[in-house]
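Before any comments, here is the structure.
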Amino acid sequence: MAKKRVASVSLATKDGNSYNYDNFGAQIADPDYPGSTSIILEIDHPTRKDGKFPLRGKATVIKFVFPPEEGSDEAEEAFVDITESFINSTFWHAIERSPKAKD
């Protein structure tokens, strides 16, 4: 059986009293590994199209920002290259699907 998209990943940005949700990727399941998914982080280019669909870009580097050390004002930044990696997610408890969800 092939891998299957099981959930969308959204970037939620606060906008006043609510949030704006932008497409940020997907979770892909492999039936050989139940309870586990791979998370693919992608965004649509704001203006470029590939034919009639938005051009998609995949995350290749993640930036982490650590709080400043005591007595310093500068936060520490670390960059991790994820070009040849994927993000794995393991569910510790069963997650019920919405009755409205479609396969």
Residues located in the range 84-103, provided they are surrounded by 10 or more Cβ atoms within 10 Å (Cβ to Cβ) and modelled with pLDDT of 70 or more: S85, F86, I87, N88, S89, F91
All positions within the range 14-29 that are surrounded by 11 or more Cβ atoms within 10 Å (Cβ to Cβ) and either farther than 24 Å from G57 by Cβ or hydroxyl-bearing (S, T, Y) (or both): Y19, Y21
Qualifying position, being aromatic (F, W, Y) and at pLDDT 90 or above, among Y33, Y19: Y19
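Could you check how many residues of the range 9-25 are part of a strand (DSSP E or B) and more than 24 Å from E84 (Cβ to Cβ)? I'd like the intermediate steps shown before the answer.
We begin by selecting, within the range 9-25, every residue part of a strand (DSSP E or B); these are 9-15, 18-25.
Then keep just the ones that are more than 24 Å from E84 (Cβ to Cβ); that gives 10, 12-15, 18-22.
Residues flagged as part of a strand (DSSP E or B) and more than 24 Å from E84 (Cβ to Cβ) within the range 9-25 amount to 10.
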One residue from D50, D81, D44, D73 being farther than 17 Å from K4 by Cβ, in contact (Cβ under 8 Å) with a residue 12 or more places away in the chain, among the charged types (D, E, K, R) and loosely packed, with under 11 Cβ neighbours inside 10 Å: D81
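For the range 7-24, name all the residues that are within 13 Å of the chain's Cα centre (by Cα) and of a type outside the set (S, T, Y). Don't jump to the end; show me each part of the working.
Initially, the range 7-24 is screened for residues within 13 Å of the chain's Cα centre (by Cα), giving 7-12, 21-24.
Answer for the range 7-24, where residues must be within 13 Å of the chain's Cα centre (by Cα) and of a type outside the set (S, T, Y): A7, V9, L11, A12, D22, N23, F24.
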Residue ID - nearest to the chain's Cα centre (by Cα), chosen from residues in the range 50-94 that are of a type in the set (F, W, Y) and under 23 Å from Y33 (Cα atoms): F86
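The values are calculated or read from the model by the stated rules, or taken from the named source; none is laboratory data. Computed from a predicted structure; not experimentally measured. Please note: Cβ atoms are built from the backbone with ideal geometry, for glycine as well, and neighbour counts cover all protein chains shown.
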